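Novice: Attaching a single structure in structure tokens format; questions to follow.
The values are calculated or read from the model by the stated rules, or taken from the named source; none is laboratory data. Everything numeric here is computed off the predicted structure, so don't read it as measured data. A quick note on method: Cβ atoms are made from the backbone with ideal geometry, for glycine too, and the neighbour counts reach across all protein chains shown. Side chains are part of the model used for accessible areas, which takes the heavy atoms of the whole protein and leaves out ligands, DNA and RNA. Shrake-Rupley method; radii C 1.70, N 1.55, O 1.52, S 1.80 Å.
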Amino acid sequence: MSNTKPLQQHLLEQFTHYSTNELVVLNNDLVKSNWGTSKTAFRTALINALSSRGIDLSAIISTEDGFTQIHQVAVKLHENKLIPIC
């Protein structure tokens with residue numbers, strides 16, 4: 001029997017120790033990289049960490065017809081809101 005935590009839970013716990021700006025930089029590095037399947041777990045934990053800090057994610061998360069989409073876009077933080085970098 002394994003006592004290891006799922007990757008996403010582990011990352012979420014680690015991200016609580018990161019500054020908000022460090023989380024934004026991680027997001028930008030992720031959207032520019034080619035990680036494969038681990039990228040999803042890592043980015044989900046990252047977005048959950050930003051959300052738990054009350055950061056407005058509406059610029060990168062949209063819902064249409066009941067489906068939620070997380071956009072692959074680099075961002076910057078402005079007044080507690082993520083803004084896409086064009």
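Novice: Within the chain, what percent of beta bridges assigned by DSSP are antiparallel, to the nearest 5?
Specialist: Among the beta bridges of the chain, antiparallel pairing accounts for roughly 90 percent.
Novice: Separate question: Among (1) 35, 31, 20; (2) 46, 31, 25; (3) 63, 24, 22, which one is Cα extents along the principal axes in Å computed from these coordinates?
Specialist: Identified label for the calculated read-out: (2).
Novice: I would also like to ask the following. Please state the charge dipole magnitude for the chain, taken about the Cα centre, from unit charges on C-beta atoms (+1 on K and R, -1 on D and E), reported in debye and rounded to the nearest 20.
Specialist: 200 debye
Novice: Roughly speaking, to the nearest percent, how much of the chain's 1.4 Å accessible area is carbon and sulfur?
Specialist: Heavy-atom surface of the chain belonging to carbon and sulfur, 1.4 Å probe: 51 percent.
Novice: For every helix of n ≥ 4 consecutive DSSP H residues, a contribution of -39,500 (n - 2.57) applies; sum these over the chain, divide by its total residues, and give [θ] at 222 nm rounded to the nearest 500 deg cm²/dmol.
Specialist: The per-residue figure over the chain is -13500 deg cm²/dmol.
Novice: Work through the residues other than residue 85 whose Cβ is under 15 Å from its Cβ and net out their charges, Lys, Arg +1 and Asp, Glu -1.
Specialist: That sum, taken over residues with Cβ under 15 Å, equals +2.
Novice: Shifting gears a bit: Please give every one of the aspartates and glutamates within straight-line cross-link reach of residue 81, meaning a C-alpha to C-alpha distance under 19 Å, and leave out same-chain neighbours fewer than 8 residues apart.
Specialist: Answer for residue 81, where 19 Å is the Cα cut-off: 22, 29, 56, listed by chain and number.
Novice: Now a separate question. Got the relative contact order for the chain handy, in percent, Cα pairs under 8 Å and 6 or more residues apart?
Specialist: Answer for the chain is 29 percent.
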